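*Asks:* Following this message is one structure expressed as structure tokens.
The values are calculated or read from the model by the stated rules, or taken from the named source; none is laboratory data. Keep in mind that what you see is a predicted model, and the values were worked out from it rather than measured. Cβ placement follows ideal geometry from the backbone for every residue including glycine, while neighbour counts extend to all protein chains displayed.
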Amino acid sequence: MASSFDRKVNFPAKEIYLYKQLNISSVSNILSSPVEYLKGVGPLRGDMLKKEVSIFTFKDLLEYYPFRHLDKTKIDKIAALNEGTEYAQVAGKLIHVELIGEKRNKRLVAYLQDDTGEMELVWFQGISWAEKLLTVGHHYLVFGKVGFFMNRVQINHPEIELYTAEKADGRKFLEPVYYSTEKLKARGLNGRAFAKLTYALLQQLSARDLPENLPETLLSKYRFISRWEALCSIHFPASEEMYTHAVRRLKFEELFYAQLRLGLLRSTRHRFSQGWAFNKVGDLFNTFYNTYLPFELTNAQKRVLKEIRKDIGSGKQMNRLLQGDVGSGKTIVALLSMLIAADNSDPTNGDAFQSVLMAPTEILAQQHYNTIAEILKDMPVCVKLLTGSSVTKQRREILKACEDGSLNILIGTHAVIEDKVKFKNLGFAVIDEQHKFGVAQRAKLWNKNSLPPHVLVMTATPIPRTLALTAYGDLDYSVIDELPPGRQPIATVHRFESKRPMVMDFIKEEIKKGRQAYVVYPLIEESAKMDYENLMKGFEEVKSFFPEPKYWISMVHGRQPAEQKKTNMQRFVNGDTQIMVSTTVIEVGVNVPNASIMVIESAEKFGLSQLHQLRGRVGRGSEQSFCILLTGNKVSKDARERLKILCATNDGFKVAEKDLEIRGPGDIEGTKQSGLLNFKLANIVSDRLMLEAAKNAATEIINIDPDLMLAENLPVKTFLHFQKGQTVWSKIS
Ligand code: ADP
Ligand code: MG
């Protein structure tokens, strides 16, 4: 069989050139013909095909792949049919035909016999048609879904035809089955009609209409069959093996072109999208790094910082995705980058570059502000916080500082990208927890200066590498894959409701040692009211276990006024309260190193990534931390599996891989709208080796020939394009 997808491909430069030529002419005119021109379609059915299954052209029909095949390559023996047989093809002699029953129960039963046994063929409809077709004593070939009735083998409404010696050879094939809709079926376009149309289309085409579009080097390296062969065989394979070859080849093509398109976007951006050149590391960075940085950076943090420095010094605009597990220390990397920005200035007027740091929630913005303002308090750096709840006077001052250039770093929520916020010289933008920022919001950043700022997107929901390659293939990608030293893995356990008193006793022990605890309740939008009541009930319950004044409890949830939320949060941060009862508002970012226990109530209601994210609020200090997943006594199999994974590993990337396996790529947040994961054949989870291979091959080609142009109509969708030298985010479907 074919070789595995692991080694580097070396393309001869000459081949790339040829490939380019081929590729540009690869879509022939006949394939772009409207589907109604195909014999047997016509305007009415053509319309239906467009509306129901988005088939507009011959090419679309050709790429409307069957979801399975019925095996008509072999003839089954009647005696061998059993409850496990789904479809069967049988050849035999008709020995008897009879009409049974009255009126609505009327049915035609024919008895077919081969050398191993006897079976029934049954018609409830089209009885007179079937009667005419059937002659006792003749041989027939029948095909259909096998059923059992009173222990007798049956096929209802079989496909049936006279069986002659020549026919026996002619009928050996795998019949494709296509997905159809009720409306299409009503117009006579059932699964079988699709097979007929596709067959007719392939008859009209030849290999010349579907020239090869993969380089020779890849074809021979991976032993792919040709494009023409593959498209014929995915519909009408001569054998199961041919089908496998066809799918493998077409999957690769799909992934390869997606990667080429993304790679070209990235390389075009690298080459043409001008950005500010931050070419020095100056006093602010150095003073901070040498004097105020409270710890040594991990190797991963150093590496990522180097990647960022290289980007922002290049004169091209940076668009970098930074991934790192919760607690891996992304904030400090962002801060150091913003200090580099402040160390540099626009050479034409000497204005220092300003930065923004955007967070998805007020709590998180506040927390970032507190951390950064504190750590920079002895540095000549002006940091401000701007959120929806900033009061007017403050807001006016902040806006002024942005505009006159005296502000260096602005931290906030969406408020920082409002039109009213004008910067003297914005040069760097950090977006924390990116999936909560819409594409349109991000685009706003681009209008804040004469060149777009460098962008660092940080996400704490680790995305498996394969998914990142696909969903964010047009961004540059950095990963912090190492936690700061001294962190102990969070001990995670699953406990049933009935063990609650023991769990509470355990919390008391930890509090006695001076630690703090979170108790988290789910808050799901659809049932917000009920969840809210549960939260209140839970609060009372926790209170009964932890009475004042020995214990103090903070409660934070989304229905509180911002001010109250802030006060309650602050009391916990300061250590004035030992227990924080909350909803998932604490999910992202909150940093209280002394908190070492988290109890997650109704843990079965949470998704895997969310649980991991929540759990990341503990284990931030040097103490052993605990996460207790409390559930009711009845837990579904799926939920049980999620909990098991969480108890078994602390590694966010492993959790994300599992999540992807369980839920499939369509459900991963932030990727749904991108359209990039809607492959016809490929599956980024099960085909990840192939995806990597396609990515490598595409990268090599682009390195050799960055001017490569892709022909239109290739199976790629994208959401990033260029306008007047600026990167613009948009959705092109
Ligand atoms: P996240 O990546 O989840 O945003 P943070 O940036 O909030 O993580 O960092 C988590 C905690 O780890 C913070 O308290 C931070 O000060 C600390 N930290 C970050 N980097 C290091 C390091 N190299 N050594 C020790 N502690 C670190
Ligand atoms: Mg963070």
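*Asks:* For residues in the range 393-420 being modelled with pLDDT of 90 or more and of a type in the set (S, T, N, Q), which is nearest to ligand 1 (Cβ to nearest atom)?
*Replies:* Selected residue: Asn408.
*Asks:* Still on this structure, please answer the following. List every residue pair whose Cβ atoms sit under 7 Å apart, with the two residues 6 or more apart in sequence or on different chains, where the first one lies in the range 140-159 and is closer than 15 Å to Lys93 by Cα and the second, anywhere, is among the basic types (Lys, Arg) and not in a strand (DSSP E or B).
*Replies:* Leu141/Lys167; Leu141/Arg171; Phe143/Lys72
*Asks:* Given the conditions (1) within 16 Å of ligand 2 (Cβ to nearest atom); (2) assigned to a strand (DSSP E or B), report the number of the one that Ser554 does not fulfil.
*Replies:* (1)
To keep it simple, each residue is scored yes or no on (1) within 30 Å of Leu231 (Cβ to Cβ); (2) outside any strand (DSSP E or B); (3) not hydroxyl-bearing (Ser, Thr, Tyr).
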{"position": "Gly46", "(1), (2), (3)": "yes, yes, yes"}
{"position": "Lys59", "(1), (2), (3)": "yes, yes, yes"}
{"position": "Val97", "(1), (2), (3)": "no, no, yes"}
{"position": "Asp115", "(1), (2), (3)": "no, yes, yes"}
{"position": "Glu120", "(1), (2), (3)": "no, no, yes"}
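*Asks:* Scan the range 323-350 for residues that are within 6 Å of ligand 1 (Cβ to nearest atom) and under 16 Å from Val281 (Cβ atoms) and jot them down.
*Replies:* Once the filter is applied, which keeps residues that are within 6 Å of ligand 1 (Cβ to nearest atom) and under 16 Å from Val281 (Cβ atoms), the range 323-350 yields only Ile332.
*Asks:* Looking only at residues that are more than 20 Å from the chain's Cα centre (by Cα) and under 20 Å from Ala460 (Cβ atoms) in the range 647-669, which one is modelled with the lowest pLDDT?
*Replies:* So, considering only residues that are more than 20 Å from the chain's Cα centre (by Cα) and under 20 Å from Ala460 (Cβ atoms), the one modelled with the lowest pLDDT is Asn650.
*Asks:* Examine the range 333-352 for a residue that is part of a helix (DSSP H, G or I) and touching a His at 6+ places or on another chain (Cβ under 7 Å), and state whether such a residue exists.
*Replies:* Within the range 333-352 (the criterion being part of a helix (DSSP H, G or I) and touching a His at 6+ places or on another chain (Cβ under 7 Å)), the answer is no, since none of the residues qualifies.
*Asks:* Which residues, taken from the range 196-223, are surrounded by fewer than 18 Cβ atoms within 10 Å (Cβ to Cβ), at pLDDT 90 or above and more than 22 Å from Arg248 (Cβ to Cβ)?
*Replies:* Lys196, Tyr199, Ala200, Gln203, Gln204
*Asks:* Moving on. Give me the residue from the range 588-608 that is buried (at least 23 other Cβ atoms within 10 Å of the Cβ) and within 15 Å of ligand 2 (Cβ to nearest atom) and, out of that set, modelled with the lowest pLDDT.
*Replies:* The qualifying residue modelled with the lowest pLDDT is Gly589.
*Asks:* List the residue pairs whose Cβ atoms are under 7 Å apart, where the first residue sits in the range 353-372 and is modelled with pLDDT of 90 or more, the second is basic (Lys, Arg) and more than 13 Å from ligand 1 (Cβ to nearest atom), and the two are 6 or more positions apart or on different chains.
*Replies:* Gln354/Lys424
*Asks:* Same structure again: Which of the residues spanning the range 619-639 are more than 20 Å from Asp659 (Cβ to Cβ), touching a residue at least 40 places away in the same chain (Cβ under 8 Å) and in a loop (DSSP other than H, G, I, E, B)?
*Replies:* Scanning the range 619-639 gives Arg620, Ser622, Glu623, Gln624, Ser625, Gly632, Asn633.
*Asks:* Another question, if that's okay. Within the range 640-649, identify whether any single residue is within 13 Å of ligand 1 (Cβ to nearest atom), basic (Lys, Arg) and closer than 16 Å to Ala491 by Cα, and answer yes or no.
*Replies:* No, the conditions are met nowhere in the range 640-649.
*Asks:* If Gln488 passes every condition in (1) under 28 Å from the mean Cα position of the chain (by Cα); (2) at pLDDT below 85; (3) part of a loop (DSSP other than H, G, I, E, B) but one, which one does it miss?
*Replies:* (1)
*Asks:* Quick one: would you say Lys420 is in a loop (DSSP other than H, G, I, E, B), more than 16 Å from ligand 2 (Cβ to nearest atom), farther than 25 Å from Ser273 by Cβ and under 37 Å from the mean Cα position of the chain (by Cα)?
*Replies:* Taking the combined requirement at face value, the residue satisfies it.
*Asks:* Take Leu305 and tell me if it is of a type outside the set (D, E, K, R), surrounded by fewer than 22 Cβ atoms within 10 Å (Cβ to Cβ) and not in a loop (DSSP other than H, G, I, E, B).
*Replies:* Yes; evaluated as a whole, the condition is true for this residue.
*Asks:* Please work out which residue is modelled with the lowest pLDDT, limiting yourself to the range 438-467 and to residues that are part of a loop (DSSP other than H, G, I, E, B) and more than 16 Å from ligand 1 (Cβ to nearest atom).
*Replies:* Gly438
*Asks:* Within the group Gly282, Gly329, which residue is surrounded by 15 or more Cβ atoms within 10 Å (Cβ to Cβ) and within 16 Å of ligand 2 (Cβ to nearest atom)?
*Replies:* Step by step, each of Gly282, Gly329 is checked, and only Gly329 is surrounded by 15 or more Cβ atoms within 10 Å (Cβ to Cβ) and within 16 Å of ligand 2 (Cβ to nearest atom).
*Asks:* Could you list, in sequence order, the residues of the range 202-231 that are within 16 Å of Ala246 (Cβ to Cβ), assigned to a helix (DSSP H, G or I) and more than 32 Å from the chain's Cα centre (by Cα)?
*Replies:* Leu202, Ala207
*Asks:* Something else about it: Select from the range 270-326 the residues that are within 33 Å of the chain's Cα centre (by Cα) and farther than 25 Å from Trp446 by Cβ and list them in ascending order.
*Replies:* Those that are within 33 Å of the chain's Cα centre (by Cα) and farther than 25 Å from Trp446 by Cβ: Leu297, Thr298, Asn299, Ala300, Gln301, Lys302, Arg303, Lys306, Gly324, Asp325, Val326.
*Asks:* Which count do you get for residues in the range 528-559 that are out of contact with any strand residue (DSSP E or B) (no Cβ under 9 Å at 6 or more places or on another chain), touching a residue at least 40 places away in the same chain (Cβ under 8 Å) and among the aromatic types (Phe, Trp, Tyr)?
*Replies:* Going through the range 528-559 one residue at a time, the tally reaches 1.
*Asks:* Restrict the check to the range 383-391 and report whether at least one residue is within 27 Å of Thr287 (Cα to Cα), surrounded by 16 or more Cβ atoms within 10 Å (Cβ to Cβ), modelled with pLDDT under 90 and not aromatic (Phe, Trp, Tyr).
*Replies:* The answer is no, given that none of the residues of the range 383-391 is within 27 Å of Thr287 (Cα to Cα), surrounded by 16 or more Cβ atoms within 10 Å (Cβ to Cβ), modelled with pLDDT under 90 and not aromatic (Phe, Trp, Tyr).
*Asks:* For the range 362-373, does any single residue satisfy the condition of being among the small types (Gly, Ala, Ser) and more than 14 Å from ligand 2 (Cβ to nearest atom)?
*Replies:* Checked against the condition, which is being among the small types (Gly, Ala, Ser) and more than 14 Å from ligand 2 (Cβ to nearest atom), the range 362-373 yields at least one hit.
*Asks:* Working carefully through the options Arg261, Arg249, find the one that is part of a helix (DSSP H, G or I), touching a residue at least 40 places away in the same chain (Cβ under 8 Å) and more than 16 Å from ligand 2 (Cβ to nearest atom).
*Replies:* After ruling out the rest, the residue left standing is Arg261.
*Asks:* Output the residues belonging to the range 421-437 that are of a type outside the set (A, V, I, L, M) and modelled with pLDDT of 90 or more.
*Replies:* Hits for the range 421-437 are Lys422, Phe423, Lys424, Asn425, Gly427, Phe428.
*Asks:* For Thr577, are the conditions met, namely being more than 16 Å from ligand 2 (Cβ to nearest atom), of a type in the set (Val, Ile, Thr) and in a helix (DSSP H, G or I)?
*Replies:* Answer is no for this residue.
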